[in-house]
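The numbers here are math on the coordinates, done by the rules we state, and not lab data. As the structure is a computational prediction, the values presented were derived from the model and not from experiment. Cβ placement follows ideal geometry from the backbone for every residue including glycine, while neighbour counts extend to all protein chains displayed.
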Amino acid sequence: MQEIISKINDIMYWDGEGTPEEIFQMNNGNINAIPNAQIIDVVHKGDLATWAEFQYDVDSEEKLTNRIVGTVRKAVSDAVFLDKKKLDEFPPLANFYYYCLKLDRSGELMKKCKAMSEWAWITSINKKRLAENVSKYFSTPDDDRYNKAKHKLIEIYGFTDKDMDAFRYFVCQTLHDNHNPSLNKSLYIYGTKKQTGKTTIARSIATILNGDKFDNFGQYESTLGAEMQYNEHDLPLGAKYNAVILDESMPKDSRKAYGQIKQVLTSNSCKYNQKFGSITRVPCKRFYICTSNEPIYEFIQDRTERRFYAIEMSKRPKKLSFDEIYNLWFEFCINCSPESDWFKWYNSFDEVDGLAKKDEDDMWVEMIHLRKEIFPNGVGQTISTITSKSACKLLYKGTPTRDQEKIIKHIFESKFKSCTPPSNKFMYSITKCRDILDDAFLQLNNGDDIEVDDGMPF
């Protein structure tokens with residue numbers, strides 16, 4: 001009772017010397033006009049939404065909604081508030097009663113309470129529960145246990161040391177307080193062969209990093225559309241969890257949205273348009289484990305991309321029971337420790353090649369085989385120089401697209417840099433370009449000067 005009276009004193013801004021009971025009596029407080037303790041807690045916290053953020057003992061958003069609704073109903077039916085003489089004893093409590101009465105009469109009680117519950121769950125309760133669950137798994141890393149698990153995983157899956165370092169980076173960044181979002185790196189695990197274990201790996205790591213058991217992997221699986229918030233009311237799972245799985249959700253044609261995707265991957269918050277609520281920004285972790293049958297260059301639109309580390313799984317792993325596999329990943333994850341220099345560690349990983357780089361590599365091979373048509377060298381040659389634009393028109397049928405022109409231009413700038421005179425960097429010597437292509441042809445054929453059918457320009 002002393003705690004309740006102390007809260008009443010705070011609500012009424014009653015102060016003075018003495019015990020809470022003495023201060024209460026000095027201000028002629030009526031002990032019989034005190035309502036349910038839960039109502040006092042709400043008003044003491046400031047409002048219903050703020051009070052909801054401190055209900056850490058609830059284990060689901062649905063239960064939190066029910067508690068908020070129950071609190072409103074308790075206020076509406078509390079005997080103290082039904083007595084008009086007692087109702088006016090404590091005006092702040094009476095104001096809450098009128099608020100609840102209006103909310104109950106509006107017909108939108110459940111909508112409003114669900115909105116409060118969702119917000120409290122996202123911004124406060126779930127984060128605290130998540131941190132507590134993760135802390136049960138992760139304490140002090142053990143290097144010996146880490147190395148033992150690492151080498152066993154290499155033996156089972158055929159990973160490289162760099163692959164395992166990428167897994168370690170991913171684990172450590174999710175647990176790093178105030179991680180610099182420009183250093184975010186997502187995993188892209190791919191392979192056309194079935195039963196290589198890529199989905200099991202993603203689910204194991206995600207559940208471990210969220211302090212959960214494997215059976216609950218479904219709640220950590222999302223789609224690119226949801227994480228990008230294509231629906232205005234979508235909330236990314238990154239706002240709720242440490243790590244999120246994107247299973248077979250990366251589109252091949254991402255040209256129109258790729259700029260936005262890159263921005264999202266290196267952000268640490270998102271704008272959330274809550275139903276029946278307001279538009280606000282919430283913290284959002286962008287740590288994704290992507291799985292796919294397709295190579296990453298089908299998705300990456302740029303020449304190279306630093307935000308992903310790609311791991312190809314091309315063989316079936318050695319047979320082990322599921323529990324053995326999960327326990328190995330558990331041992332690996334909980335014993336990961338970060339490097340001291342995050343920036344240096346981040347830059348130690350090679351960028352992955354994108355679609356533009358793949359197209360460029362394919363075109364370079366095509367140019368090698370079409371070198372006689374594009375770069376004639378010998379008797380009857382009437383011109384000595386060529387531009388990348390004119391070469392592009394010879395290589396592609398009709399009028400080249402802007403992207404095709406970019407590809408040829410970059411090839412010229414990177415491969416034929418030494419073929420331009422000092423006076424004009426846009427004109428390339430046909431003879432010098434041809435020499436480079438002839439050398440490339442020999443390298444392509446392991447040093448054998450055997451001519452092949454060059455084909456026709458396409």
### Task
Would you please give the residues with an amide H less than 5 Å from that of Thr304, counting only those at least 5 places away or on a separate chain, with H modeled from the backbone geometry?
Gly354
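Between Thr280 and Leu444, what is the FRET efficiency for a Förster distance of 45 Å, r being their Cβ-Cβ separation, to the nearest 0.05?
Working: r = 57 Å, r/R0 = 1.27.
So, using R0 = 45 Å, E works out to roughly 0.20.
Neighbour counts of other C-beta atoms within 10 Å: give me Asp323, Asp438 arranged from fewest to most. Please report the intermediate quantities before stating the final value.
Working: Asp323 9, Asp438 15.
Ordered by Cβ neighbours within 10 Å, fewest first: Asp323, Asp438.
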### Message
Modelling each spin label as a point 7 Å along the Cα-to-Cβ direction, I'd like the His410/Asp302 distance in nm, to one decimal.
### Response
1.1
### Summary
Counting only backbone N atoms under 17 Å from a point 7 Å out along Cα-to-Cβ of Gln260, the residues of the stretch 278-293 in range are none
### Task
Taking amide H positions as placed in the peptide plane 1.01 Å from N, state which residues far from Ile189 in sequence (5 or more) or on other chains have amide H under 5 Å from it.
Cys290, Thr291, Ser292, Ile311
### Task
List the cysteines in the chain whose Cβ has no other cysteine Cβ under 4.7 Å from it.
Cys100, Cys113, Cys172, Cys290, Cys333, Cys336, Cys392, Cys419, Cys433
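Over the stretch 138-352, what is the mean sequence separation of C-alpha contacts under 8 Å (at least six apart), divided by residue count, expressed as relative contact order in percent? Kindly include the intermediate steps, with their values, before the conclusion.
On the way: 357 pairs, mean separation 75.6, N = 215.
Once divided by the residue count of the stretch 138-352, the mean separation gives 35 percent.
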### Message
How far apart, in nanometres, would the label points at Glu22 and Arg145 be if each is projected 7 angstrom from Cα along the Cα-to-Cβ direction?
### Response
5.5
### Message
Please enumerate, by chain and number, the aspartates and glutamates with C-alpha under 18 Å from the C-alpha of Lys150, excluding those fewer than 8 residues away in the same chain.
### Response
Asp142, Asp161, Asp163, Asp165, Glu312, Asp323, Glu324, Glu331, Glu339
### Task
With a Förster radius of 35 Å, plug the Cβ-Cβ distance of Asp104 and Glu132 into 1/(1 + (r/R0)^6) and report the FRET value to the nearest 0.05.
0.55
## Note on the structure
Here, Met427 and Lys63, labelled 7 Å along Cα→Cβ, have an inter-label distance in nm of 8.0
### Query
Name the GluC sites (Glu not before Pro) in the stretch 11-42 that are in a loop by DSSP and that have at most 10 other C-beta atoms within 10 Å, would you?
Glu17
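Given the rule -39500 (n - 2.57) for each run of at least 4 DSSP H residues, summed and divided by the residues of the chain, what is its mean residue ellipticity at 222 nm, to the nearest 500 deg cm²/dmol? Walk me through the intermediate numbers first.
Numbers: 22 runs with 225 residues, N = 458.
The helix contribution divided over the chain gives -14500 deg cm²/dmol.
In what order do Tyr396, Tyr272, Tyr297 fall by count of nearby beta-carbon atoms within 10 Å, going from fewest to most?
Tyr396, Tyr297, Tyr272
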### Query
Of Lys319/Lys358; Lys63/Lys240; Lys344/Lys425; Lys128/Lys344, which sit over 26 Å apart, Cα to Cα?
Lys319/Lys358; Lys344/Lys425; Lys128/Lys344
### Query
Over the C-alpha atoms of the chain, what are the Rg and the largest Cα-to-Cα span, Dmax, in Å?
32.3, 114
### Summary
Of the residues Ser337, Val352, Phe322, the Cα lying farthest along the dipole of the stretch 302-363 towards its positive end, which is defined by charges on the beta carbon of Lys, Arg, Asp and Glu, belongs to Phe322
